[in-house]
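The values are calculated or read from the model by the stated rules, or taken from the named source; none is laboratory data. Because the structure is predicted, anything quoted here is derived from the model rather than measured. Neighbour counts run over all protein chains shown; Cβ positions are idealised from the backbone, glycine included. To get the accessible areas, we keep the full protein, side chains included, count just its heavy atoms, and leave off ligands, DNA and RNA. Shrake-Rupley method; radii C 1.70, N 1.55, O 1.52, S 1.80 Å.
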Amino acid sequence: MSYDIAIIGAGVSGALIARQLSKYDLKIALIEKENDVAMGSTKANTAIVHAGYDARIGTLKAKLNVKGSKMMSQVCEELNVPYNNLGSLVIAFNEEEDKKIEELYQRGITNGVEGLKIVGKNVLKEMEPCITDEATTALWAPTAAIVCPYELTIAATETAVTNGVEFFRNAKVNSIHKSDDKFTLRTRIGDIDTK
Ligand SMILES: Cc1cc2nc3c(=O)[nH]c(=O)nc-3n(C[C@H](O)[C@H](O)[C@H](O)COP(=O)(O)OP(=O)(O)OC[C@H]3O[C@@H](n4cnc5c(N)ncnc54)[C@H](O)[C@@H]3O)c2cc1C
């Protein structure tokens, strides 16, 4: 079996890479060791599309977090996956945590997160009437959202496969060998050559 591109792992990353590359005229293999997609971290996360105030300033993560958060609603629409832009609140309960909220706000602004606001006790109570009276301030991030990580992964893989990507399950890659013109992946289901 020979491919232009081999993607190892059908978590949310591999599935969305496969979907993106399936737009091109390439022979692509998506190779997963488990018997389905989304069997790794993807199946067990918190489903938050983070706004981008957490990531350390200047890192690739910060850049891609903010960029990805802006792209996600369009990606979900194209894949017909529910995307809920409900925003997020980080709550402080004392003066020390108020300072942390200010720090997150500044970091978010530097990272390019849009619409961030620090809200005081009264506004917070209006936004979330059931919140504890002990809350002091909060960071409001209107661009945060939630999306089901495995629905997203299933939809991305289905689209990739519809576009011609070959998906191999139960196919753990045990080793990778490099020769002059290709890589050979030794997998549970046989060798896969790729450029
Ligand atoms: C508790 C928790 C909460 C989180 N909450 C969030 C959140 O709210 N929002 C957010 O954006 N992120 C969150 N994350 C992080 C997020 O889950 C990961 O960044 C994301 O799932 C990584 O996806 P992935 O496709 O790179 O990896 P994975 O989902 O781990 O996929 C890797 C795939 O590769 C396969 N594989 C591994 N080795 C081989 C091999 N040798 N051969 C073939 N296949 C192989 C695995 O079986 C797996 O399917 C959270 C993580 C955790 C643990």
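Worth pointing out:
- Just one residue in the set 143, 136, 159 is within 30 Å of residue 38 (Cα to Cα), β-branched (Val, Ile, Thr) and not assigned by TED's automatic domain parsing to the domain that holds residue 31; that residue is 143.
- Check on residue 101, within 30 Å of residue 119 (Cα to Cα), more than 15 Å from the ligand (Cβ to nearest atom), open to solvent by less than 50 Å² (accessible area, probe 1.4 Å) and at pLDDT 95 or above: yes
- One residue stands out in region 1-42 among those that are within 30 Å of residue 112 (Cβ to Cβ) and of a type in the set (Lys, Arg): the one that is surrounded by the fewest Cβ atoms within 10 Å (Cβ to Cβ), namely 23.
- Elements of the type strands (runs of 3 or more DSSP E) sitting completely within region 121-195 and holding at least 2 residues that are out of contact with any helix residue (DSSP H, G or I) (no Cβ under 9 Å at 6 or more places or on another chain) and of a type outside the set (Ser, Thr, Tyr): these cover 166-168, 173-178, 183-187, 190-194.
For (1) in contact with a Phe, Trp or Tyr (Cβ under 7 Å, 6 or more places away or on another chain); (2) closer than 28 Å to residue 114 by Cβ; (3) open to solvent by less than 40 Å² (accessible area, probe 1.4 Å), each residue gets a yes or a no:
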residue: 132; (1), (2), (3): no, no, no
residue: 135; (1), (2), (3): yes, yes, yes
residue: 141; (1), (2), (3): yes, yes, yes
residue: 149; (1), (2), (3): no, yes, yes
residue: 156; (1), (2), (3): no, yes, yes
residue: 163; (1), (2), (3): no, no, no
residue: 166; (1), (2), (3): no, no, no
residue: 169; (1), (2), (3): no, no, no
residue: 176; (1), (2), (3): yes, no, no
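- Pairing each residue of region 41-54 that is among the polar types (S, T, N, Q) with any residue that is within 7 Å of the ligand (Cβ to nearest atom), provided the two are 6+ apart or on different chains, yields C-beta distances under 6 Å for 42/11; 42/12; 42/149; 45/149.
- Conditions (1) farther than 26 Å from residue 20 by Cβ; (2) open to solvent by 90 Å² or more (accessible area, probe 1.4 Å); (3) in contact with a strand residue (DSSP E or B) (Cβ under 9 Å, 6 or more places away or on another chain): number failed by residue 50: (1)
- Where helices (runs of 4 or more DSSP H) sit wholly within region 1-118, those with at least 1 residues that are touching a Gly at 6+ places or on another chain (Cβ under 8 Å) occupy 60-79, 95-111.
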